[in-house]
Amino acid sequence: MNPQLQELHRDHVNLAHVLHLLESLLGEVRAGEHIDLNALSEIVDYVQAYPDLIHHRREDVIFSVYLEHGTGRNELVDRLMAEHVLLLKKTQEIREHIEQWCNDSPVPRERVVAIIADYLQMQWDHLNLEESSVFDLLDQELEPDDWVRIEAAMPAATDPLFGKMMRQRFEHIFDRLVAA
Ligand SMILES: [Fe+2]
Ligand SMILES: [Fe+2]
């Protein structure tokens, strides 16, 4: 597989770890345990800093070049690009909810569960659709010239949670990921 796609696949594996962590936080909320708003907030920070901002922009560069070919699966690629915009908005909404929950006492538990469960479903559906339907397609249909253009247009940044430069603001979720 093309190295750019391999890198995006690694991002998916990393994001899947964070989504599993979010699922375990959701399980704690459902069980009536303390809601770890620090960890929740760091997960949202991470998704906004890397998957929403960089990973999706990288995919958009590749998807845009694919769309220029005008071949069969444009509808699917258009849908994924629209989901990038929607996910950006949904992550921001979660951030606003967390800020509200930090000021609420007590936090409305059913609402927390509903919001996080919806968000998780959307993230998993998006990630699984790319993994199952699109990466192989891009690998087969894009030409060497396309990849040269893609590489020139790629935003450069490393994953702040899984890269070498660990950011202090992710310390809660990093500890939990290591423990898991
Ligand atoms: Fe995506
Ligand atoms: Fe992706």
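The values are calculated or read from the model by the stated rules, or taken from the named source; none is laboratory data. A quick note: this is a predicted structure, and the numbers were derived from the prediction, not measured. Please note: Cβ atoms are built from the backbone with ideal geometry, for glycine as well, and neighbour counts cover all protein chains shown. We work out accessible area using only protein heavy atoms, side chains counted, and drop any ligands, DNA or RNA first. Shrake-Rupley method; radii C 1.70, N 1.55, O 1.52, S 1.80 Å.
So which of Leu5, Leu76, Leu86 is under 20 Å from Gln140 (Cβ atoms) and open to solvent by 10 Å² or more (accessible area, probe 1.4 Å)?
Working: Leu5 fails: open to solvent by 10 Å² or more (accessible area, probe 1.4 Å); Leu86 fails: under 20 Å from Gln140 (Cβ atoms).
When all the criteria are applied, what remains is Leu76.
Looking at the stretch 58-66, can you tell me whether even one residue there is away from ligand 2 (no atom under 11 Å from the Cβ), aromatic (Phe, Trp, Tyr), touching a Pro at 6+ places or on another chain (Cβ under 8 Å) and on the phi < 0 side of the Ramachandran plot? First the steps, then the outcome.
Kept after step one, since they are away from ligand 2 (no atom under 11 Å from the Cβ), are these residues of the stretch 58-66: 61, 64-66.
Cutting the leftovers down to aromatic (Phe, Trp, Tyr) gives us 66.
Next, only the ones that are touching a Pro at 6+ places or on another chain (Cβ under 8 Å) stay: none.
No: zero hits.
Table: residues versus (1) open to solvent by 30 Å² or more (accessible area, probe 1.4 Å); (2) within 14 Å of ligand 1 (Cβ to nearest atom).
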{"site": "Met1", "(1), (2)": "yes, no"}
{"site": "His34", "(1), (2)": "yes, no"}
{"site": "Val44", "(1), (2)": "no, no"}
{"site": "Ala49", "(1), (2)": "no, no"}
{"site": "Asp60", "(1), (2)": "yes, yes"}
